[in-house]
Structure formats: C-alpha cells, structure tokens
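Data block below; observations after.
The numbers here are math on the coordinates, done by the rules we state, and not lab data. Small disclaimer: the values here were computed from a predicted structure and weren't measured. Heads up, the Cβs are rebuilt from the backbone with ideal geometry, glycines too, and the neighbour counts pull from every protein chain shown.
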Amino acid sequence: MSYRSFVAALALMIAPAALAAQDSTQLARRMPDAAQRLDNLKQRLNLTADQETAIKPILQAEADSFKAIRQRYEGKTERADRRSMMQEYRKLRDASNEKIKPVLTEQQQAEWKKWQDENREKMRKGMKQHREKKGS
C-alpha cells in the first residue's frame, strides 16, 4: 500500500468521528452562555434590575445543565443519541422558560414569545438549508 493510499484510507476511517464531534462542538458554540442570554433578554425586553437579578440564576442553572448534558453525550455519534440530547435540551429550556415567564410583564411576555417564534423560524430555515445541502 502506498503512502497516499494509506493516508486516504486513514482519512476515511477518521472522518465520520471527526464530523460528529464537530457537530457537537458547533452546537455548543451556537448556544449562548448564561451571560449572553441575559444580555440578549435585557436588551430585547428592557429588563429591570430586579428582573435581571431574578432571571440570572435561572439562566446560570440552565447553562450548567446544558454543559452536563453535552458532556454526557460527548463522543456519541448516533442519530438517536443526538435526538435524545436535543430532547433533553428542549425540556430544560422549556422548564427554564416557565420559571422566567412569571418574572416578565405581560408586554415583555408577548415580545419574548414573538422573539422565540422568530428564532424558531430561523432555525427551521437553517435546518432545511442544511438538509438540502447534505442531499446535494
């Protein structure tokens, strides 16, 4: 076996694991940390100091739990594992949102819902483009 053939074979064996790890890393990078998320909420919803104080520990606990989930699924490349991880993320985010909601005024809640809907739509479009790109 020539050196080039060996390198090509090695690359083919390593590529799937590297791509799966990259997917997890990219997901972690896309998810804002607690401070970023609080800053986003503060700017978008004009949070008061009391609201910031109430929301900050909720977001920090969420971020810590996200990190624990990521670590639990690290290195797992199966689609079912990724799906399970995303389901855990969703449950955690929903629970955090339920804790945050009563801290907000009705007007802030309406703006927050609108913002979440916009983000969901962006995510759907991004996923659709990703699937189309993969299919090409």
**Study point:** Selected residue (only one of Lys125, Lys134, Lys113 is farther than 25 Å from Ala34 by Cβ, more than 17 Å from the chain's Cα centre (by Cα) and free of Cβ contacts under 8 Å to residues at least 40 places away in the same chain)
**Key:** Lys134
Check your understanding: Taking into account only those residues within the range 36-86 that are outside any helix (DSSP H, G or I) and touching a helix residue (DSSP H, G or I) at 6+ places or on another chain (Cβ under 8 Å), which is nearest to Asn97 (Cα to Cα)?
Key -> Leu47
Check your understanding: Does any residue in the range 49-61 that is free of Cβ contacts under 8 Å to residues at least 60 places away in the same chain and under 23 Å from Lys91 (Cα atoms) come within less than 7 Å, Cβ to Cβ, of a residue that is surrounded by fewer than 15 Cβ atoms within 10 Å (Cβ to Cβ) and not acidic (Asp, Glu) six or more places away or on a different chain, and which pairs are these?
Key -> none
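Every residue, every condition in (1) closer than 17 Å to Ile58 by Cβ; (2) touching a helix residue (DSSP H, G or I) at 6+ places or on another chain (Cβ under 7 Å), yes or no:
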residue: Ser96; (1), (2): yes, yes
residue: Lys99; (1), (2): yes, yes
residue: Glu106; (1), (2): no, no
residue: Gln109; (1), (2): yes, yes
residue: Trp112; (1), (2): yes, yes
residue: Gln116; (1), (2): yes, no
residue: Lys122; (1), (2): no, no
residue: Met127; (1), (2): no, no
residue: Lys133; (1), (2): no, no
